[in-house]
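Colleague: Pasting a structure below so you can have a look.
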Amino acid sequence: MKIIAFGASPSKKSINKRLATYASSLFENAEVEVLDLNAYQMPIFSVDVEEEIGKHSLAQKFLDKIASADILVVSLAENNGNYSAAFKNVFDWCTRIQKRVFQDKPMLLMATSTGANGATIVLGIAKNAFPFYGGNVKATFSLPSFDANFDSEKEEISNIELREELQKLIQDNF
């Protein structure tokens, strides 16, 4: 089983990438590839730019990575109540090639933030929107207050209840 995981943030210190990496480690007998959103930087999408340069090759590479997966583990950063601009740009370019970006792959959809809300606003947006783009969302998980609930030395959820909740979601849905 191959897992493609990524944090939908361009931050080099992305807490969402760290959460996606950790969650991926909880799947038994899985080959995990963690994508760095920075590897898919493209011009800001517009039909004018697309008309000028065509479909961007990095969007196709991202879609190829999704195609190689059996399961997707995605953790969303919340910027002003929505997706990060970097993720939205990759997503927009990809939809111009293939509307069903997530290709009906089973998905663990997550979000975290340093605040107590745990990026639940963007998580709700994605949970409702992703199925229209081939997102087969099997489970969602929000980790609130990342700094208080994630052990940066062990790179794991330190809050026992939240750790067990995530483990159970994975066990019951994948």
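Readers should treat all values here as calculations from the given coordinates under stated rules, not as data from a laboratory. Every value quoted in this text rests on a predicted model; they were computed, and no experiment measured them. Heads up, the Cβs are rebuilt from the backbone with ideal geometry, glycines too, and the neighbour counts pull from every protein chain shown.
Colleague: What whole number of Å gives the distance from the Cα centroid of the stretch 116-147 to the Cα centroid of the stretch 62-96?
Modeller: 12
Colleague: Please list, in chain and number order, the residues 5+ apart from residue 156 or on another chain whose amide H is under 5 Å from its amide H, with Hs placed from the backbone.
Modeller: Here 151 satisfy the definition.
Colleague: Next up: Ranking 87, 6, 174 by Cβ neighbours within 10 Å, fewest first, what do you get? Working shown, then result.
Modeller: Details: 87 24, 6 28, 174 19.
With the fewest neighbours first, 87, 6, 174 line up as 174, 87, 6.
Colleague: Ordered by residue, what ³J(HN,Hα) values in Hz, to whole numbers, does the stretch 44-51 give under the Karplus form 6.51 cos²θ - 1.76 cosθ + 1.60, where θ = phi - 60° and Gly and Pro are x?
Modeller: Per-residue couplings from phi come out as 4, 5, 7, 5, 5, 5, 4, 4 Hz.
Colleague: To continue, here is another question. Roughly speaking, what is the centre-to-centre gap between the stretch 42-56 and the stretch 10-41 when only Cα atoms are used, to the nearest Å?
Modeller: 27
Colleague: For helix 160-173, report the angle its Cα long axis makes with the longest principal axis of the Cα atoms of the chain; keep it between 0 and 90° and round to the nearest 10°.
Modeller: Approximately 60 degrees, to the nearest 10.
Colleague: Ok, one more. Tell me, what HN-Hα J-couplings in whole Hz come from the Karplus equation 6.51 cos²θ - 1.76 cosθ + 1.60 at θ = phi - 60° for each residue of the stretch 118-132, using x for Gly and Pro?
Modeller: x, 6, 5, 5, 5, 4, x, 4, 5, 4, 7, 8, 4, x, 5
Colleague: What is the order of 1, 42, 110, fewest Cβ neighbours within 10 Å to most?
Modeller: 1, 42, 110
Colleague: Could you work out how far apart the two model spin labels at residue 161 and residue 33 are, taking each label as a point 7 Å from the Cα in the direction of the beta carbon, and quote it in nm?
Modeller: The answer from the label model is 3.9 nm.
Colleague: Karplus couplings for the stretch 15-26 from phi (6.51 cos²θ - 1.76 cosθ + 1.60, θ = phi - 60°), rounded to Hz, Gly and Pro as x?
Modeller: 5, 6, 5, 5, 5, 5, 5, 4, 4, 4, 5, 7
Colleague: How big is the antiparallel share of DSSP beta bridges in the stretch 36-154, given as a percent to the nearest 5?
Modeller: Details: 1 of 13 bridges.
Taking every DSSP beta bridge within the stretch 36-154, about 10 percent pair in antiparallel fashion.
Colleague: What are the residues whose amide H is under 5 Å from the amide H of residue 97, where those residues sit 5 or more places off or on another chain and H is modelled from the backbone?
Modeller: Answer set, sorted by chain and number: none.
Colleague: Continuing with the same structure: Taking amide H positions as placed 1.01 Å from N in the peptide plane, with prolines and chain starts having none, which residues 5 or more places from residue 79, or on another chain, fall under 5 Å of its amide H?
Modeller: Counting only residues 5 or more places away or on other chains, the set is 84.
Colleague: Compute the angle between helix 85-95 and the longest alpha-carbon principal axis of the chain, please, reported from 0 to 90 degrees and rounded to the nearest 10.
Modeller: 60
Colleague: For the chain, find the longest principal axis of its Cα atoms and tell me its angle to the long axis of helix 57-67, 0 to 90°, nearest 10.
Modeller: Its long axis makes an angle of about 40 degrees.
Colleague: Counting only helical runs of four or more DSSP H residues, what would the 222 nm mean residue ellipticity of the chain come to if each run contributes -39,500 (n - 2.57) and the total is spread over all its residues? Working shown, then result.
Modeller: Details: 7 runs with 68 residues, N = 174.
My calculation for the chain gives -11500 deg cm²/dmol from helical runs alone.
Colleague: Of 110, 94, 120, whose Cα points farthest to the positive end of the dipole of the stretch 68-149 (charges on the beta-carbon: +1 Lys, Arg; -1 Asp, Glu; origin at the Cα centre)?
Modeller: Value: 94.
Colleague: For the chain, calculate the relative contact order in percent as a whole number, restricting contacts to Cα pairs under 8 Å that are 6 or more residues apart.
Modeller: Working: 339 pairs, mean separation 38.2, N = 174.
Relative contact order of the chain: 22 percent.
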